[in-house]
Amino acid sequence: MPKIGDIQLPDFPLLLAPMEDVSDPPFRALCKEQGADVVYTEFISSEGLIRDAAKSVMKLDIYEKERPVGIQIFGANLDSMLQSVEIVEKSRPDIIDINFGCPVKKVVSRGAGAGILKDIDLMVSLTKAMVEHSNLPITVKTRLGWDDDSIKIVEVAERLQDVGCKAISIHGRTRAQMYKGNANWDPIREVKNNPRMHIPVFGNGDVDTPEAALKMRDEYGLDGAMIGRASIGYPWIFREIKHFFETGTHLAPPTMEERVDAARRHLQMSIDWKGEILGVFETRRHYTNYFKGIPNFKEHRMKMVTSDDSASVFAAFDEVMEKFGNHNFTLA
Ligand SMILES: Cc1cc2nc3c(=O)[nH]c(=O)nc-3n(C[C@H](O)[C@H](O)[C@H](O)COP(=O)(O)O)c2cc1C
């Protein structure tokens, strides 16, 4: 069974992917409850952390109940990355993850995120320095390569392992692909099949059904699956995959009661975390996802995303429960 440093994981663990503006503490807690074995924060700027920018620092908050949790940071400057390791350690995460995969222009143009795929030596030396600077396990999340002509992920993964990286999560796309096309898991399998590899190799990209996760486990032989978009508004994906692995059958989708309960708890946890105003405002983008697929829902959605006080949002949830409580999601 895979281990990240000393952290023992179950067979074929499911990891919640780091996602900007999505993987906040309340959402991570909900995913954890539904079976995610490891959760990650969204990426946090090392430059923001060392400037003590409030927005970056707030992203370091973690709940005890979500452990094991990884804090993900990005940057390309050695000093800033090392300083931010020290800041991150004060939040006592279980893992520090380095983002070498973000394809966004403003990140890449500074040589950070996937930008570093153009300079593998720097990627390796940064990782080495961070490993030497921290007692926590350092993991890496990256993509296959910069573009189709520069896929060297087998060599890259081995070099990262050799400088002390404790696990690698690989998104089966290049930077040039952004999010287009299908994720290609073949090069990830090559990484896993490299006889010199002994750290866990987690696959990422397009795991959106129990069958896809099974394929990643049995056909590709990877050590675990990292799940991103399929979990947005649907933390139940984790329990559904686990149930499928255990029984070979599909779990019924969450009931309306479970969906309303998730939305309610997400909002309440956000308010407890950030206060009423920010909690209400910043949770808007999350909870309407919980009700995807319900016909004639617009009026209720509008209420949820335009109300300024939590009492009105909670009242909207109650109305939804009353009106759609018997909605049969298997027919949706
Ligand atoms: C809204 C959103 C935000 C993301 N933010 C991050 C991030 O902060 N750090 C990171 O490493 N990847 C980020 N990603 C990429 C995901 O972690 C993941 O690699 C990608 O979505 C592919 O996996 P999926 O097909 O399961 O979604 C983000 C993806 C999405 C959709």
Within segment 71-84, the residues that are under 25 Å from MET226 (Cα atoms) and either surrounded by fewer than 23 Cβ atoms within 10 Å (Cβ to Cβ) or touching a Pro at 6+ places or on another chain (Cβ under 6 Å) (or both) are ILE71, GLN72, ALA76
Note on PHE238: of the conditions (1) crowded, with 20+ Cβ neighbours inside 10 Å; (2) outside the structural domain of LYS141 (by the TED database), unmet is (2)
Considering segment 97-150, residues that are assigned to a loop (DSSP other than H, G, I, E, B) and small (Gly, Ala, Ser), and then whichever is farthest from ASN182 (Cα to Cα), we arrive at SER134
Within segment 19-40, residues within 12 Å of the chain's Cα centre (by Cα) and either aromatic (Phe, Trp, Tyr) or open to solvent by 20 Å² or more (accessible area, probe 1.4 Å) (or both) come out as MET19, GLU20, ASP21, VAL22, PHE27, LYS32, ASP37, TYR40
Scanning segment 46-56 for residues that are open to solvent by 10 Å² or more (accessible area, probe 1.4 Å) and in contact with a Gly (Cβ under 8 Å, 6 or more places away or on another chain), the one modelled with the highest pLDDT turns out to be GLU47
Picking from PHE43, PHE12, the residue that is at positive phi, crowded, with 20+ Cβ neighbours inside 10 Å and either within 16 Å of the ligand (Cβ to nearest atom) or hydrophobic (A, V, I, L, M, F, W, C) (or both) would be PHE12
Filtering segment 204-260 down to residues that are in contact with a Gly (Cβ under 7 Å, 6 or more places away or on another chain), of a type in the set (A, V, I, L, M, F, W, C) and away from the ligand (no atom under 15 Å from the Cβ) yields MET256
Residues of segment 218-276 being under 15 Å from ASP37 (Cβ atoms) and part of a helix (DSSP H, G or I), in sequence order, are SER231, ILE237, PHE238, ARG239, GLU240, ILE241, LYS242, HIS243, PHE245, GLU246
Q: For LEU144, state whether it is within 21 Å of the chain's Cα centre (by Cα) and farther than 22 Å from ASP37 by Cβ.
A: yes
Taking segment 90-109 and the residues there that are away from the ligand (no atom under 15 Å from the Cβ) and open to solvent by 60 Å² or more (accessible area, probe 1.4 Å), the one that is farthest from the chain's Cα centre (by Cα) would be SER109
A careful count of residues in segment 320-331 that are free of Cβ contacts under 8 Å to residues at least 40 places away in the same chain and either hydrophobic (A, V, I, L, M, F, W, C) or in a helix (DSSP H, G or I) (or both) gives 3
Subset of segment 189-203, residues more than 11 Å from the ligand (Cβ to nearest atom) and either closer than 17 Å to MET226 by Cα or hydroxyl-bearing (Ser, Thr, Tyr) (or both), comes to ARG189, VAL191, LYS192, ILE199, PRO200, VAL201
Expected output for segment 189-215 (first residue closer than 14 Å to ASP162 by Cβ and in a loop (DSSP other than H, G, I, E, B), partner within 14 Å of the ligand (Cβ to nearest atom) and modelled with pLDDT of 95 or more, Cβ below 7 Å, 6+ apart or cross-chain) is ILE199/ALA167; ILE199/ILE168
Checked pairs for segment 294-319, first more than 23 Å from LYS274 (Cα to Cα), second surrounded by 12 or more Cβ atoms within 10 Å (Cβ to Cβ) and of a type in the set (Lys, Arg), C-beta under 8 Å and 6 or more apart or across chains, list as HIS300/LYS323; GLU319/LYS303
Scanning segment 181-234 residue by residue, those of a type in the set (Val, Ile, Thr) and within 20 Å of the chain's Cα centre (by Cα) turn out to be ILE188, ILE199, VAL201, VAL207, THR209, ILE227, ILE232
Log entry, pairs with first residue in segment 239-250 being touching a residue at least 40 places away in the same chain (Cβ under 8 Å), second being in a helix (DSSP H, G or I) and aromatic (Phe, Trp, Tyr), beta carbons closer than 7 Å, six or more apart or on different chains, reads HIS250/PHE244
Within segment 46-71, restricting to residues that are basic (Lys, Arg) and more than 11 Å from the ligand (Cβ to nearest atom), the one that is farthest from PRO13 (Cα to Cα) is ARG51
Scanning segment 15-40 residue by residue, those away from the ligand (no atom under 11 Å from the Cβ), of a type in the set (Asp, Glu) and either under 17 Å from VAL104 (Cβ atoms) or not in a loop (DSSP other than H, G, I, E, B) (or both) turn out to be GLU33
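The values are calculated or read from the model by the stated rules, or taken from the named source; none is laboratory data. Note that the coordinates shown come from a computational prediction; the quantities given were computed from them, not determined experimentally. Cβ atoms come from the backbone with ideal geometry, glycine included; neighbour counts cover every protein chain shown. Accessible surface areas use protein heavy atoms only, side chains included; no ligands, DNA or RNA. Shrake-Rupley method; radii C 1.70, N 1.55, O 1.52, S 1.80 Å.
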